[in-house]
Amino acid sequence: MTDEELVRRAAGGDEDAFAELVRRYEDKVYSVALRLCGSSADAADAAQEAFVSAWRGLPGFRGEAGFATWLYRLAVNASVDLLRKNRRQRGQASLDDEDYGPEPVDQAPGPQERAESAELRQAVAAGLRQLSDGHRQVLVLRELRQLSYEEIAQILDLDLGTVKSRISRARTALRKILLKSGNLSGYLPSNPTERKEGRP
C-alpha cells in the first residue's frame, strides 16, 4: 500500500494505517530528531511528539507537500521546541556524546581506518553541536538525510534562496570548527556525490 493510501485511511481514523506509517518512518524521524536534539531520550520524545502531531493533523493534511516532507517538518518543529524548553530549564540543551558514536560501515576497513572514521564522525557531531539551531537543522536535513533544497525549504518553511545561503554558511561554519580542531584538511563536501569515503 502506498503512503498516499495509508494517509487517506489514517486521516479517516484508521489506526492500523497510521501504525504502518509510523513503522515506515519511525527510524528516519528519530534520526532527524537525534541529530537536532543530541540525546537519545530527547530524540525519542521529539519523535513521539511529531507522530502525535501527525495523527492529530492528518484530517487537515492537504497533501500540498508529500507526507514525508510534512512529517520531517513536524519532527524539526518538535525538536526545536524541546531544545528551547530544555534551554529554559537547564540554561543549555543536554547533549550526549555517546549518541554520536561510530556507525557501522559497509565494507570491512582496517583498524586504523575504523578509528579514523569514528574520530571524524565524533568530530562532525561535536561540530554540529556548536552550530546555531538554524545551521544545524539545514545540515542535518541536507547532508545526513540527503533531502533536496526544495524539500528543506518546505520542511523549514523558508524560501529556496534562504535555504541555499543558510546551507552554505552552515558548511563554512562547520568547516572552520573542524579545521580548528584539526579534524579536517580543508574540504567539506557539498552533496552526496562529492563525499569522501568514511564521511558520515
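Every read-out reported here was derived from the displayed coordinates using simple, explicitly stated rules and does not represent laboratory data. Just so we're clear, the structure is a prediction, and the values are computed from it rather than from any experiment.
Note down the relative contact order for segment 3-90 as a percent, whole number, built from C-alpha pairs under 8 angstrom at least six residues apart. Spell out each step's value before the answer.
On the way: 84 pairs, mean separation 28.4, N = 88.
It comes to 32 percent, rounded to a whole number.
Report ³J(HN,Hα) in whole Hz for each residue of segment 152-157, in order, from the Karplus equation J = 6.51 cos²θ - 1.76 cosθ + 1.60 where θ = phi - 60°; Gly and Pro get x.
5, 4, 5, 4, 8, 6
Could you pull out every residue, at least 5 positions away or on a different chain, whose amide H is within less than 5 Å of the one on Ser39? Hs are placed 1.01 Å off N in the peptide plane, and Pro or chain starts have none.
Amide H to amide H, under 5 Å and 5 or more residues apart or across chains, Ser39 pairs with Asp96.
Could you tell me the extents of segment 1-86's C-alpha atoms along the three principal axes, largest first, rounded to whole Å?
Principal extents (Cα only, largest first): 36, 21, 18 Å.
Could you go through segment 142-147 in sequence order and give the Karplus-derived ³J(HN,Hα) for each residue, using 6.51 cos²θ - 1.76 cosθ + 1.60 with θ = phi - 60°, rounded to whole Hz, and x for Gly and Pro?
7, 7, 8, 8, 6, 7
So who's got an amide H within less than 5 Å of the one on Leu147, skipping anything under 5 residues away but keeping other chains? H placed 1.01 Å off N, in plane.
Under 5 Å from the amide H of Leu147 lie the amide H atoms of Arg142, each far enough along the sequence or on another chain.
Test of understanding: what is the full-extension gain from Arg175 to Arg8, defined as 0.36 nm times their sequence separation minus their Cα-Cα distance? Could the numbers behind the result be given before it?
Values: separation 167, 0.36 × 167 = 60.12 nm, distance 4.34 nm.
Between Arg175 and Arg8, full extension yields an extra 55.8 nm.
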